[in-house]
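The structure that follows is given in the form of structure tokens.
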Amino acid sequence: AVVSTQSTGVVKMAESGGDTGWDVFTIDYVLTGAGAGPLTVIVNQDSRETYLLIFRTLWKTKRIEHGLRKIWGKTVTWDRTLPHIIGEIGDFRHKVNIICSEMQHFISQVQYYINFEVLECSWKELENSVNSAENLDIIIEAHKRFLSIVTERLMLIKEKEEVLQKLYANYTNAVKFMEAYDNAYLVLKKANLQREERERNVVRKTKSGVGAPHQTTRSHKKLKMKNFDLR
């Protein structure tokens, strides 16, 4: 399925079990209507397939950047969102912050490389070639050269497949970290609600003169986060 937005569209690919929107959506060029004729010669089917490959790589990178930023934003608010257990999860929070910070640094370096060392330089060269072109053939060749340079620098060629797989392995680790964080956060929210309810019961019993508050508060089980391996 393609949802057109002027000359670009959002493509939904085939789904498999456990896929999210990040896994099944990409961007494609939609060249229709008046004036599309010359563009279809430049951006032909082979070019569109290359663009899909490039877009998927950019999409993967954006997914990691977005997910890590979301984790960082959640973690800095734990004092407000998890007030009843925050005193017991300091070490876990510190570990999350360290891993998230290291991954954010890594992905920011990747994005800098993509934006400035790959796309901006290549686009400027294409723009200059198109502006000085005397005929359509020159533009077609300039566009082919642009795609060739981008795919090579993004390591989307066979000769650099090993390096690309190592990059994607880091992306996979980042996704696993985000999933582990989400699972841990659900446990923490549940524990915080349970602790809040217990503290309400203590206050209620204290006001009614029933029970000993110090015994109830000391009966809380210490939170164990060792089951969440964030390495």
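The values are calculated or read from the model by the stated rules, or taken from the named source; none is laboratory data. For clarity, every value in this text was computed on a predicted model and none was experimentally measured. In this analysis, Cβ positions are derived from the backbone assuming ideal geometry, glycine residues included, and neighbour counts consider all displayed protein chains. Calculation scope for accessible area: heavy atoms of the full protein, side chains included, ligands and nucleic acids excluded. Shrake-Rupley method; radii C 1.70, N 1.55, O 1.52, S 1.80 Å.
With the cut-off at 27 Å, tell me which of the pairs 62/124; 95/160; 74/205; 95/176 have Cα atoms farther apart than that.
Result: 95/160; 74/205 exceed 27 Å.
Compute, for residue 113, the solvent-accessible surface of its heavy atoms (probe 1.4 Å) with the complete set of protein chains present, and express it in square angstrom to the nearest 10.
Its heavy atoms expose roughly 90 Å² to the probe.
How far, in nm, would the chain grow between residue 173 and residue 45 when pulled straight, counting 0.36 nm per residue and subtracting the alpha carbon separation?
42.7 nm
R0 = 41 Å: FRET efficiency of residue 205 with residue 182, Cβ-based, nearest 0.05?
Once rounded, the FRET efficiency stands at 0.70.
List the residues whose amide H sits under 5 Å from the amide H of residue 25, counting only those 5 or more places along or on another chain, with H placed 1.01 Å from N in the peptide plane.
13
Could you please state how large a percent of the accessible area of segment 104-174 is carbon and sulfur, counting protein chains only and using a 1.4 Å probe?
That share works out to 52 percent.
Quick check: the distance between the Cα centres of segment 36-65 and segment 103-128, to the nearest angstrom?
Value for the Cα centre distance between the two parts: 16 Å.
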